[in-house]
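Notes to accompany the following structure.
Each value in this text was obtained by applying a stated rule to the coordinates, not by laboratory testing. Every value quoted in this text rests on a predicted model; they were computed, and no experiment measured them. Methodologically, a virtual Cβ is constructed for each residue, glycine included, from the backbone with ideal geometry; neighbour enumeration extends over all protein chains shown.
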């Protein structure tokens, strides 16, 4: 993996510009990583490091793998006296659905300072919010069918060029939905999503890095 290559050969090179490194682990095989890869490329992926690792299983095993990856990177950073080997942030992206051990997964993430981008019931809710509001409790299949009303060719891979123009609207709707669920006494209730917290962070780091290069 490119970011893990030995940097000892470059010890005499000029000081590198500060950068943030994110590790993003996704539960889904296609939808989430494809969307996030497209998003990070739009927001100057060459200036920040976001690694999307698909097929990590249910939330509990996903969080456990994230913890292992985080600790291993920190160990490597100490071993080589190179802070660039560790991740500044580790994110887990998964659905609520009917997964077992969800409270345990959330607590383990909290204990290990991981960030969560959870969607209830599913990631497709985030996609749907690009086109309309959603306040009624719904199952995964209904949300997916609603997405196809706006994206007729949607199956697993989100056609990024068709959702990108509506991104800001989706963020606004996701924030409003989160606030509404809190007011109802149902934080993280169905429907809700925190994917925008991750995408906004990626966009923010892209802007910071761009400005650093521009004025460096």
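A few remarks follow.
- Most mobile listed residue (24, 163, 93) in the chain, GNM with C-alpha springs under 10 Å: 163
- Using a Förster distance of 22 Å, the FRET efficiency for residue 44-residue 164 (Cβ separation, nearest 0.05): 0.90
- Considering only the chain, percent of DSSP beta bridges that pair antiparallel, nearest 5: 10
- Shown here are the Rg and Dmax of the Cα trace of the chain, at 18.2, 59 Å.
- The packing ranking of peptides 186-193, 116-123, highest mean first, is 116-123, 186-193, where packing means the average number of other beta carbon atoms within 10 angstrom of each residue.
- In segment 84-205, the C-alpha radius of gyration followed by the widest Cα-Cα span (Dmax) gives 14.8, 44 angstrom.
- Cα centroids of segment 26-65 and segment 179-210: 16 Å apart.
- Rounded to the nearest 10 degrees, the inclination of helix 140-150 to the longest alpha-carbon principal axis of the chain is 90 degrees.
- Within the chain, helix-based [θ] at 222 nm, where runs of 4 or more DSSP H residues each add -39,500 (n - 2.57), nearest 500: -14500 deg cm²/dmol
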